[in-house]
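Notes follow the structure.
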Amino acid sequence: MTMGKSVTKAVIPAAGLGTRFLPATKAMPKEMLPVVDRPAIQYVVEEAVNAGLTDLLMITGRNKRALEDHFDREPGLEQALEKKGDQGRLALVREASDLGPIHYVRQGEAKGLGHAVLCASQHVGDEPFAVLLGDDLIDEAESLLATMIDVQQKTGGSVIALIEVDPSQISAYGCADITAIDGEDYVRVNSLVEKPAAGEAPSNLAVIGRYVLHPSVFGVLEKTEPGRGGEIQLTDALQTLAAGEGEGSGVYGVVFKGRRYDTGDKLSYLKAVITLASERVEFGEDLKTWMKGFVS
Ligand code: UTP
């Protein structure tokens, strides 16, 4: 029985085409877009490490070499900074490579998030594991991932993260039909539907880019046919697990109340940059003063 096996592995899919952010993403992965001064993906990897996950696997693809370079050492640059005595910038350069070794596997073709997760099956094996989407930023202060890991350990199923969105927005997300569980702060997920038409959505609870999954998801993904957009959808596999019975089935949801940004979306990306920049001690106050003038 898998329940009880602790969660140590994080899978970070970053192989999508990023078409919503063209032309910036023509030759550069969207996960490398800077949010203030770090690429978006660095916040995601830091979140995984801070949640205690020690085994990191990134799913990459064509055009994604910059991702591997970013998390690797850069001896030439480090030596140059050392020579100059610039310890501050040296520490910044080393931040990413100090996060620990990262494993990589390439998704040969962007066949969807479900297919990207399936690419991790050999590395993950028969253990529950976390999935963090490389373009989704979650406010660290909220320890969402740690809560989700606890719920997985308690239930032995799979756990998704949900946010409440305006009903007019739900067709941009996977949507969950849920039932509250007495005395618990997580919910049972009855069914899931990917990007429902407004009016057909079972709720205004949207699936966001954090998951803690039971390894039985791999067997389900292998049998999951391409769905919406011709892509193998993780949501479809989770729907099968939610409707199924027996070991590894059952999907639970943690409703997240904190801040979250989809950096693959231009407007959400800009909000992330402005919010995080305005909180920086070095220039946050100056930025806010400037913004007040700019807006008026
Ligand atoms: P998105 O839904 O944002 O898709 O993927 P996308 O293709 O990257 O971007 P758009 O919609 O064309 O702008 C959610 C996450 O799943 C990964 C992405 O890298 C992102 O982290 N993904 C998606 C893969 O790794 N492989 C895929 O085939 C699709």
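Each value in this text was obtained by applying a stated rule to the coordinates, not by laboratory testing. Everything numeric in this text was worked out from a predicted model, so none of it was measured. Methodologically, a virtual Cβ is constructed for each residue, glycine included, from the backbone with ideal geometry; neighbour enumeration extends over all protein chains shown.
How do 69-82, 28-41, 266-279 rank on mean C-beta neighbours within 10 Å, highest first?
28-41, 266-279, 69-82
Cα to Cα, under 20 Å, and not fewer than 8 places away if on the same chain: which aspartates and glutamates meet these conditions relative to Lys266?
The reachable aspartates and glutamates, counting only those whose Cα sits under 20 Å from Lys266, are Glu31, Asp37, Asp135, Asp136, Asp139, Asp166.
How high is the relative contact order of region 1-124, given as a whole-number percent (alpha carbon pairs under 8 Å, six or more residues apart)? Write out the running numbers ahead of the final one.
Numbers: 141 pairs, mean separation 42.1, N = 124.
That works out to 34 percent.
Within 11 Å, Cβ to Cβ, of Glu194, how many net charges do the neighbouring residues add up to if Lys/Arg are +1 and Asp/Glu are -1?
Around Glu194, the surrounding residues sum to 0.
Provide the FRET efficiency to the nearest 0.05 for the Val255-Gln79 pair, computing r from the beta carbons and using R0 = 51 Å.
Result of the calculation: an efficiency of 0.60.
Going by alpha carbons, how many degrees (0 to 90, nearest 10) lie between the helix axis of 284-295 and the longest principal axis of the chain?
That works out to roughly 80 degrees.
If the reach is capped at under 21 angstrom between alpha carbons, list the lysines near Lys271, excluding any in the same chain fewer than eight residues apart.
Straight-distance partners of Lys271: Lys30, Lys257, Lys288, Lys292.
What lysines could a cross-link reach from Lys5, if we take a straight Cα to Cα line under 21 Å and drop same-chain neighbours fewer than 8 places away?
Partners found: Lys154.
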